[in-house]
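So the structure is just underneath, and the comments pick up after that.
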Amino acid sequence: MESQTNNNTHPVDEVDELRQQIAQFKQRLDQQEIINDRLMRHTINARISIFTKTFIIADAIGLLIMPFTFWLFNKIGISWHVSLIILLMLIFELVCNIICYRKLQHLFTDGNDLLTVRRGLLKHKRFNRIQMLIEMPLILLWVFAIFWQLEVFAHTRDLIQMSLAVFIGLLIGIGSFAWEMHRINNSIREIDDLATE
């Protein structure tokens, strides 16, 4: 009778032990996921913070030199109403950029999970693309207005020099946009790869 009781309790002990091992294994997996999540957020934050800090500092400096820009426009012969329109649009652009990049920074400092970070990166990417599509025609319109005000079209040499300066400026702008999009796309891809593992 005793041997039967011992035989019956022995498998139950093995099942309990197996359950404990599975629970410990699951706990280790959960801890591993948390570590992976933190490492991934840290890596993405390091990659993204390079351009967020750069653009926030550049935009803040841009806002500070706006009065000088207005004075310079008037000094070189651009009428005050054209200067004012251009400056108001630039101020609006710079303020939007600062808000946008601060939000991007908060994605990482608020302790969000990777899914929230991914959504925030996609939203930032979409906003930047729309911004670029709106800005390009406006920049060309500003350039035309400045060229017209300065009567650049009448002087071939001035037209070539100023057109070259505008072209280089546009290349720098498009290059920084492409650099930012590349870093964001890499981060989104890494999050997707981690989610599918």
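The values are calculated or read from the model by the stated rules, or taken from the named source; none is laboratory data. Since the model is a prediction, treat every value here as computed from it, not as a measurement. When we count neighbours, we look across all protein chains shown, and the Cβ atoms used for this are built from the backbone with ideal geometry, even at glycine. For the accessible areas, the whole protein counts, side chains as well, though only heavy atoms, and no ligand, DNA or RNA atoms are used. Shrake-Rupley method; radii C 1.70, N 1.55, O 1.52, S 1.80 Å.
Summed over segment 70-82, residues that are assigned to a helix (DSSP H, G or I) and surrounded by 15 or more Cβ atoms within 10 Å (Cβ to Cβ) total 3. Screening the candidates Ile91, Ile99, Ile85, Ile61 for the property of being β-branched (Val, Ile, Thr), within 22 Å of Ile174 (Cβ to Cβ) and either assigned to a helix (DSSP H, G or I) or free of Cβ contacts under 8 Å to residues at least 12 places away in the same chain (or both) yields one hit, Ile61. Taken over segment 69-113, the residue count meeting the criterion of being β-branched (Val, Ile, Thr) and modelled with pLDDT under 80 is 1. Taken together, the residues in segment 171-185 that are in contact with a helix residue (DSSP H, G or I) (Cβ under 9 Å, 6 or more places away or on another chain) and open to solvent by 40 Å² or more (accessible area, probe 1.4 Å) amount to 5.
Kindly check whether there is at least one residue in segment 113-122 that is open to solvent by 50 Å² or more (accessible area, probe 1.4 Å), in a loop (DSSP other than H, G, I, E, B), over 30 Å from His81 (Cα atoms) and in contact (Cβ under 8 Å) with a residue 60 or more places away in the chain. Checked segment 113-122: at least one residue is open to solvent by 50 Å² or more (accessible area, probe 1.4 Å), in a loop (DSSP other than H, G, I, E, B), over 30 Å from His81 (Cα atoms) and in contact (Cβ under 8 Å) with a residue 60 or more places away in the chain. Taking Leu104 as the residue in question, decide whether it is within 17 Å of Ile44 (Cα to Cα) and among the hydrophobic types (A, V, I, L, M, F, W, C). Yes; evaluated as a whole, the condition is true for this residue.
If you go through segment 140-170 and keep only what is farther than 30 Å from Phe51 by Cα, open to solvent by less than 60 Å² (accessible area, probe 1.4 Å) and polar (S, T, N, Q), you end up with just Gln149.
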